[in-house]
Amino acid sequence: EPHAAAAPTSAPPPAAAPPAPASASAAPAAAEEAPKREAAEAAPSKDLVPAWLPPNLACGLCGSVSQSREPHGVICRRRRKNNALGGCGQGVCWACMETRPRSEFGMVRTTKDEFESLEDDAWWMHERCMEPADLRGYFGGEKELAKARAVADAVDAEAAASSSGGKVAQKPVDPVEAAKERVRAMSVKELKAYMLRNGASTENCVEKSDLLAKALEVAAKAPLEPVGPAWMPTRMVCRLCTKPPGKEQGGVICRRRRSDGSLSGCGEGICFRCMKKAPRDAFGQVRTTKEEFESLEEEAWWMHERCFADGDYKDYFGESEPEEFYNRRTKADQQDWEWDDSANKGRPQMGSIMRRQG
(Lines give C-alpha, C1' and ligand atoms only; values in the text may rest on other atoms or scores of the structure.)
Protein backbone atom coordinates (compact mmCIF):
# COMPACT_ATOMS: atom_id res chain seq x y z
CA GLU A 1 0.00 0.00 0.00
CA PRO A 2 1.26 3.41 -0.72
CA HIS A 3 2.52 5.36 2.27
CA ALA A 4 0.24 8.08 3.56
CA ALA A 5 1.25 11.58 2.66
CA ALA A 6 3.22 13.36 5.42
CA ALA A 7 1.39 16.10 7.33
CA PRO A 8 2.37 19.58 6.19
CA THR A 9 4.82 21.40 8.48
CA SER A 10 3.16 24.32 10.36
CA ALA A 11 4.32 27.86 9.53
CA PRO A 12 6.38 29.75 12.15
CA PRO A 13 4.47 32.36 14.22
CA PRO A 14 4.68 35.93 13.02
CA ALA A 15 7.26 38.09 14.70
CA ALA A 16 5.93 40.43 17.43
CA ALA A 17 5.56 44.02 16.40
CA PRO A 18 8.16 46.35 17.95
CA PRO A 19 6.87 48.64 20.73
CA ALA A 20 5.70 52.01 19.60
CA PRO A 21 8.14 54.77 20.45
CA ALA A 22 7.09 57.00 23.37
CA SER A 23 5.87 60.41 22.42
CA ALA A 24 8.17 63.30 23.05
CA SER A 25 5.74 64.86 25.60
CA ALA A 26 5.18 61.71 27.72
CA ALA A 27 8.51 61.81 29.57
CA PRO A 28 8.23 65.46 30.74
CA ALA A 29 4.61 64.88 31.77
CA ALA A 30 5.59 61.88 33.89
CA ALA A 31 8.39 63.88 35.43
CA GLU A 32 5.96 66.66 36.35
CA GLU A 33 3.43 64.25 37.87
CA ALA A 34 5.96 62.49 40.11
CA PRO A 35 6.46 65.39 42.59
CA LYS A 36 2.70 65.98 42.71
CA ARG A 37 2.09 62.31 43.47
CA GLU A 38 4.76 62.30 46.17
CA ALA A 39 3.31 65.45 47.74
CA ALA A 40 -0.17 63.95 47.72
CA GLU A 41 1.10 60.82 49.40
CA ALA A 42 2.94 62.86 52.04
CA ALA A 43 0.05 65.24 52.80
CA PRO A 44 -2.12 64.13 55.75
CA SER A 45 -5.71 63.21 55.07
CA LYS A 46 -8.29 65.64 56.44
CA ASP A 47 -10.24 62.66 57.75
CA LEU A 48 -7.24 61.27 59.66
CA VAL A 49 -8.42 60.61 63.23
CA PRO A 50 -6.52 61.11 65.42
CA ALA A 51 -4.22 63.54 63.64
CA TRP A 52 -0.84 61.81 63.95
CA LEU A 53 2.07 63.35 62.01
CA PRO A 54 2.93 60.80 59.26
CA PRO A 55 6.56 59.64 59.18
CA ASN A 56 7.22 61.15 55.74
CA LEU A 57 5.72 64.57 56.60
CA ALA A 58 8.23 67.11 57.94
CA CYS A 59 7.79 68.94 61.24
CA GLY A 60 6.64 72.49 60.57
CA LEU A 61 9.18 73.87 63.05
CA CYS A 62 12.46 71.97 62.67
CA GLY A 63 11.81 70.35 59.26
CA SER A 64 12.69 66.83 60.43
CA VAL A 65 10.97 63.64 59.29
CA SER A 66 10.67 60.33 61.08
CA GLN A 67 13.66 58.01 61.04
CA SER A 68 11.28 55.05 61.26
CA ARG A 69 7.90 54.18 59.83
CA GLU A 70 6.12 55.41 62.97
CA PRO A 71 4.35 58.78 63.33
CA HIS A 72 6.72 61.29 64.90
CA GLY A 73 4.35 63.95 66.18
CA VAL A 74 0.85 65.41 65.82
CA ILE A 75 -0.98 67.78 63.49
CA CYS A 76 -2.73 70.96 64.60
CA ARG A 77 -6.30 69.93 63.83
CA ARG A 78 -9.65 69.35 65.51
CA ARG A 79 -12.98 68.30 64.09
CA ARG A 80 -15.53 70.29 66.09
CA LYS A 81 -19.09 69.29 66.96
CA ASN A 82 -20.47 71.08 63.89
CA ASN A 83 -18.12 68.90 61.77
CA ALA A 84 -15.99 71.93 60.89
CA LEU A 85 -12.22 71.54 60.95
CA GLY A 86 -10.17 73.78 63.21
CA GLY A 87 -6.41 74.26 63.29
CA CYS A 88 -3.73 75.38 60.86
CA GLY A 89 -2.76 71.85 59.75
CA GLN A 90 0.91 72.28 60.67
CA GLY A 91 2.68 69.21 62.03
CA VAL A 92 4.86 69.34 65.15
CA CYS A 93 7.31 66.61 66.13
CA TRP A 94 7.62 65.36 69.70
CA ALA A 95 11.04 66.97 70.19
CA CYS A 96 9.74 70.46 69.33
CA MET A 97 6.58 69.85 71.36
CA GLU A 98 8.74 69.32 74.43
CA THR A 99 11.51 71.86 73.97
CA ARG A 100 10.08 74.94 72.25
CA PRO A 101 9.62 77.90 74.65
CA ARG A 102 6.16 79.09 75.62
CA SER A 103 6.83 82.53 74.14
CA GLU A 104 7.19 80.89 70.73
CA PHE A 105 4.96 77.83 70.96
CA GLY A 106 2.33 78.51 73.63
CA MET A 107 1.40 76.41 76.65
CA VAL A 108 -0.80 73.76 75.01
CA ARG A 109 1.26 70.57 74.77
CA THR A 110 0.72 66.84 74.58
CA THR A 111 2.84 63.69 74.64
CA LYS A 112 2.88 60.54 72.56
CA ASP A 113 1.59 58.46 75.49
CA GLU A 114 -1.23 60.88 76.26
CA PHE A 115 -2.27 61.24 72.62
CA GLU A 116 -2.23 57.49 72.14
CA SER A 117 -4.26 56.83 75.29
CA LEU A 118 -7.12 59.06 74.06
CA GLU A 119 -7.51 56.87 70.95
CA ASP A 120 -10.08 58.24 68.48
CA ASP A 121 -10.93 61.20 70.76
CA ALA A 122 -7.37 62.55 70.60
CA TRP A 123 -6.78 66.02 69.12
CA TRP A 124 -4.34 68.88 69.58
CA MET A 125 -4.01 72.46 68.32
CA HIS A 126 -1.60 75.35 68.80
CA GLU A 127 -2.77 77.72 71.51
CA ARG A 128 -2.85 80.50 68.91
CA CYS A 129 -5.20 78.42 66.74
CA MET A 130 -7.66 77.71 69.55
CA GLU A 131 -10.86 79.58 70.24
CA PRO A 132 -11.95 80.00 73.89
CA ALA A 133 -14.28 77.00 73.53
CA ASP A 134 -11.37 74.88 72.22
CA LEU A 135 -9.24 75.80 75.24
CA ARG A 136 -12.02 74.89 77.66
CA GLY A 137 -12.72 71.66 75.80
CA TYR A 138 -9.05 70.68 75.73
CA PHE A 139 -8.41 71.21 79.44
CA GLY A 140 -11.88 70.17 80.65
CA GLY A 141 -13.42 73.47 81.74
CA GLU A 142 -12.73 77.03 82.87
CA LYS A 143 -11.26 76.00 86.23
CA GLU A 144 -8.92 73.46 84.67
CA LEU A 145 -7.82 76.00 82.05
CA ALA A 146 -7.04 78.53 84.78
CA LYS A 147 -5.00 75.95 86.68
CA ALA A 148 -3.05 75.09 83.52
CA ARG A 149 -2.25 78.76 82.97
CA ALA A 150 -1.15 79.07 86.59
CA VAL A 151 1.20 76.12 86.21
CA ALA A 152 2.64 77.54 82.98
CA ASP A 153 3.08 80.95 84.65
CA ALA A 154 4.88 79.32 87.58
CA VAL A 155 7.24 77.47 85.23
CA ASP A 156 7.98 80.71 83.38
CA ALA A 157 8.59 82.57 86.65
CA GLU A 158 10.96 79.87 87.84
CA ALA A 159 12.87 79.97 84.56
CA ALA A 160 13.07 83.77 84.72
CA ALA A 161 14.31 83.61 88.30
CA SER A 162 17.03 81.12 87.47
CA SER A 163 18.21 83.17 84.48
CA SER A 164 18.28 86.41 86.47
CA GLY A 165 20.05 85.10 89.54
CA GLY A 166 16.89 84.56 91.57
CA LYS A 167 15.40 88.01 90.98
CA VAL A 168 11.84 87.88 89.69
CA ALA A 169 10.50 90.94 87.93
CA GLN A 170 7.79 92.65 89.96
CA LYS A 171 4.38 93.25 88.39
CA PRO A 172 3.36 96.90 88.17
CA VAL A 173 1.44 98.06 91.23
CA ASP A 174 -0.26 100.87 89.32
CA PRO A 175 -3.82 99.55 88.61
CA VAL A 176 -3.95 101.41 85.29
CA GLU A 177 -0.71 99.80 84.15
CA ALA A 178 -2.02 96.43 85.33
CA ALA A 179 -5.16 96.98 83.23
CA LYS A 180 -3.01 97.83 80.22
CA GLU A 181 -1.03 94.63 80.69
CA ARG A 182 -4.25 92.61 80.59
CA VAL A 183 -5.28 94.46 77.42
CA ARG A 184 -1.94 93.68 75.74
CA ALA A 185 -2.50 89.96 76.38
CA MET A 186 -5.97 89.94 74.77
CA SER A 187 -6.80 88.29 71.45
CA VAL A 188 -8.60 90.19 68.67
CA LYS A 189 -11.94 88.80 69.83
CA GLU A 190 -11.26 89.79 73.42
CA LEU A 191 -10.15 93.28 72.37
CA LYS A 192 -13.40 93.82 70.47
CA ALA A 193 -15.43 92.64 73.47
CA TYR A 194 -13.44 94.94 75.75
CA MET A 195 -14.06 97.93 73.47
CA LEU A 196 -17.77 97.16 73.21
CA ARG A 197 -18.07 96.72 76.98
CA ASN A 198 -16.56 100.16 77.51
CA GLY A 199 -18.65 101.88 74.84
CA ALA A 200 -15.75 102.44 72.43
CA SER A 201 -16.04 102.10 68.66
CA THR A 202 -13.95 99.64 66.65
CA GLU A 203 -14.61 101.49 63.40
CA ASN A 204 -11.55 101.93 61.16
CA CYS A 205 -9.67 99.25 63.13
CA VAL A 206 -8.29 97.07 60.35
CA GLU A 207 -5.34 95.40 62.07
CA LYS A 208 -4.94 94.06 65.59
CA SER A 209 -2.47 96.87 66.25
CA ASP A 210 -5.28 99.39 65.59
CA LEU A 211 -7.56 97.65 68.08
CA LEU A 212 -4.79 97.40 70.66
CA ALA A 213 -3.91 101.09 70.38
CA LYS A 214 -7.54 102.12 70.93
CA ALA A 215 -8.04 99.59 73.72
CA LEU A 216 -4.99 100.94 75.56
CA GLU A 217 -6.48 104.44 75.34
CA VAL A 218 -9.72 103.06 76.81
CA ALA A 219 -7.82 101.27 79.58
CA ALA A 220 -6.16 104.54 80.61
CA LYS A 221 -9.55 106.24 81.09
CA ALA A 222 -12.04 103.45 81.87
CA PRO A 223 -13.09 102.76 85.48
CA LEU A 224 -11.18 99.84 86.94
CA GLU A 225 -12.96 96.49 86.66
CA PRO A 226 -13.05 94.08 89.59
CA VAL A 227 -10.70 91.13 89.32
CA GLY A 228 -10.11 88.02 91.41
CA PRO A 229 -12.57 86.11 93.58
CA ALA A 230 -15.76 88.03 94.39
CA TRP A 231 -15.76 88.10 98.20
CA MET A 232 -18.42 90.27 99.86
CA PRO A 233 -17.06 93.48 101.42
CA THR A 234 -17.66 93.65 105.18
CA ARG A 235 -20.26 96.40 104.82
CA MET A 236 -22.14 94.93 101.87
CA VAL A 237 -25.69 93.81 102.73
CA CYS A 238 -26.66 90.18 102.15
CA ARG A 239 -29.45 89.79 99.62
CA LEU A 240 -31.39 87.38 101.86
CA CYS A 241 -31.01 88.50 105.49
CA THR A 242 -30.29 92.17 104.59
CA LYS A 243 -27.41 92.21 107.08
CA PRO A 244 -23.70 92.78 106.37
CA PRO A 245 -21.42 89.81 107.05
CA GLY A 246 -19.47 91.88 109.57
CA LYS A 247 -16.13 90.21 108.82
CA GLU A 248 -13.73 89.61 105.97
CA GLN A 249 -14.71 86.87 103.49
CA GLY A 250 -18.10 86.46 105.13
CA GLY A 251 -19.92 85.84 101.87
CA VAL A 252 -19.64 85.87 98.07
CA ILE A 253 -20.93 87.97 95.20
CA CYS A 254 -22.74 86.59 92.17
CA ARG A 255 -20.10 87.39 89.56
CA ARG A 256 -17.93 85.69 86.96
CA ARG A 257 -15.31 87.06 84.61
CA ARG A 258 -15.45 85.11 81.35
CA SER A 259 -12.49 84.26 79.12
CA ASP A 260 -13.31 87.17 76.78
CA GLY A 261 -13.02 89.62 79.71
CA SER A 262 -16.77 90.24 80.08
CA LEU A 263 -18.49 90.14 83.48
CA SER A 264 -21.57 88.04 84.26
CA GLY A 265 -23.81 87.74 87.30
CA CYS A 266 -26.29 90.02 89.04
CA GLY A 267 -23.76 91.41 91.53
CA GLU A 268 -25.84 90.58 94.62
CA GLY A 269 -24.06 89.23 97.71
CA ILE A 270 -24.97 86.17 99.82
CA CYS A 271 -23.48 85.69 103.27
CA PHE A 272 -22.36 82.21 104.30
CA ARG A 273 -24.92 82.14 107.14
CA CYS A 274 -27.74 82.29 104.59
CA MET A 275 -25.86 80.02 102.22
CA LYS A 276 -25.93 77.36 104.94
CA LYS A 277 -29.29 77.88 106.65
CA ALA A 278 -31.70 78.90 103.89
CA PRO A 279 -34.44 76.27 103.25
CA ARG A 280 -33.56 73.71 100.65
CA ASP A 281 -36.80 73.99 98.69
CA ALA A 282 -36.48 77.76 98.45
CA PHE A 283 -32.74 78.22 98.21
CA GLY A 284 -31.56 75.23 96.21
CA GLN A 285 -30.11 71.81 96.86
CA VAL A 286 -26.39 72.58 96.59
CA ARG A 287 -24.27 75.39 97.97
CA THR A 288 -20.74 76.66 98.23
CA THR A 289 -18.70 77.20 101.39
CA LYS A 290 -16.03 79.60 102.50
CA GLU A 291 -13.45 76.80 102.56
CA GLU A 292 -14.27 75.69 99.01
CA PHE A 293 -14.29 79.23 97.64
CA GLU A 294 -11.04 80.05 99.43
CA SER A 295 -9.32 76.90 98.14
CA LEU A 296 -9.87 77.97 94.52
CA GLU A 297 -7.89 81.16 95.18
CA GLU A 298 -7.83 83.61 92.24
CA GLU A 299 -9.92 81.34 90.02
CA ALA A 300 -12.92 81.19 92.40
CA TRP A 301 -16.27 82.36 91.07
CA TRP A 302 -19.93 81.73 91.86
CA MET A 303 -23.27 82.80 90.40
CA HIS A 304 -26.94 82.18 91.11
CA GLU A 305 -28.52 79.41 89.11
CA ARG A 306 -30.77 81.90 87.32
CA CYS A 307 -27.70 83.96 86.35
CA PHE A 308 -26.05 81.03 84.58
CA ALA A 309 -25.84 81.15 80.77
CA ASP A 310 -25.04 78.43 78.26
CA GLY A 311 -21.66 76.91 79.03
CA ASP A 312 -21.49 78.04 82.66
CA TYR A 313 -22.62 74.68 84.04
CA LYS A 314 -19.93 72.86 82.06
CA ASP A 315 -17.24 75.27 83.26
CA TYR A 316 -18.42 75.15 86.87
CA PHE A 317 -19.05 71.44 87.28
CA GLY A 318 -16.85 69.99 84.54
CA GLU A 319 -19.74 68.06 82.98
CA SER A 320 -22.62 68.60 80.58
CA GLU A 321 -25.63 70.53 81.81
CA PRO A 322 -28.54 68.21 82.75
CA GLU A 323 -31.85 68.85 81.06
CA GLU A 324 -33.55 69.35 84.43
CA PHE A 325 -31.11 72.12 85.35
CA TYR A 326 -31.46 73.78 81.95
CA ASN A 327 -35.26 73.80 82.19
CA ARG A 328 -35.14 75.16 85.71
CA ARG A 329 -32.75 78.03 85.03
CA THR A 330 -34.35 79.09 81.76
CA LYS A 331 -37.77 79.28 83.45
CA ALA A 332 -36.48 80.91 86.64
CA ASP A 333 -38.17 84.23 85.93
CA GLN A 334 -41.58 82.56 85.88
CA GLN A 335 -41.17 80.73 89.21
CA ASP A 336 -42.46 81.97 92.54
CA TRP A 337 -39.51 81.89 94.92
CA GLU A 338 -40.30 81.39 98.59
CA TRP A 339 -37.79 83.77 100.13
CA ASP A 340 -39.28 86.19 102.61
CA ASP A 341 -38.34 89.51 101.09
CA SER A 342 -41.18 91.92 101.73
CA ALA A 343 -39.07 94.88 100.66
CA ASN A 344 -38.96 93.54 97.11
CA LYS A 345 -42.50 92.20 96.61
CA GLY A 346 -43.53 92.10 92.98
CA ARG A 347 -39.93 91.85 91.83
CA PRO A 348 -38.65 88.53 90.39
CA GLN A 349 -36.43 86.88 92.96
CA MET A 350 -33.12 85.09 92.43
CA GLY A 351 -32.87 81.40 91.87
CA SER A 352 -31.12 78.71 93.83
CA ILE A 353 -27.36 78.76 94.21
CA MET A 354 -24.92 76.44 92.47
CA ARG A 355 -22.31 74.51 94.36
CA ARG A 356 -19.33 72.57 93.13
CA GLN A 357 -19.49 68.92 93.99
CA GLY A 358 -16.26 67.14 94.83
- In debye to the nearest 20, how big a dipole does the range 72-159 give about its Cα centre with +1 on each Lys and Arg Cβ and -1 on each Asp and Glu Cβ? 360 debye
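Ranking request for peptides 204-210, 298-304: highest mean number of other beta-carbon atoms within 10 Å first, then the rest in descending order. Walk me through the numbers on the way to the answer.
Working: 204-210: 11.0, 298-304: 20.3.
For the peptides 204-210, 298-304, the packing ranking is 298-304, 204-210.
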- Kindly report the accessible area of the range 49-127 per residue (heavy atoms of protein chains, probe 1.4 Å, no ligands, DNA or RNA), in Å². 55 Å²
- Message: Greater than 26 Å separation of Cα atoms is the criterion. Which listed pairs, K247/K277; K112/K314; K180/K208; K147/K276, meet it?
- Response: K112/K314; K147/K276
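Please give the peptides 137-145, 289-297 ranked by average Cβ packing (other Cβ atoms within 10 Å per residue), highest first, as a rough proxy for protection.
Details: 137-145: 17.9, 289-297: 13.6.
Averaged packing, sorted descending, gives the order 137-145, 289-297.
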- Item | Karplus 3J(HN,Hα) series, Hz, for the range 249-258 with 6.51 cos²θ - 1.76 cosθ + 1.60 (x for Gly, Pro) | 6, x, x, 10, 9, 6, 7, 9, 9, 7
- Note on the structure: Highest mean packing first, using Cβ neighbours within 10 angstrom, the peptides 102-108, 71-77 sort as 71-77, 102-108
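Which percent of the accessible heavy-atom area of the range 95-141 goes to carbon and sulfur, probe 1.4 angstrom? Before the final figure, lay out each step's value.
Details: 1160 of 2620 Å².
Looking at the range 95-141 in its full context, I get 44 percent from C and S.
The values are calculated or read from the model by the stated rules, or taken from the named source; none is laboratory data. From a predicted model like this one, the values you see are computed outputs, not experimental measurements. Positions of Cβ are backbone-derived with ideal geometry, glycine not excepted, and every protein chain shown enters the neighbour counts. SASA here: full protein model, heavy atoms, side chains in, ligands and nucleic acids out. Shrake-Rupley method; radii C 1.70, N 1.55, O 1.52, S 1.80 Å.
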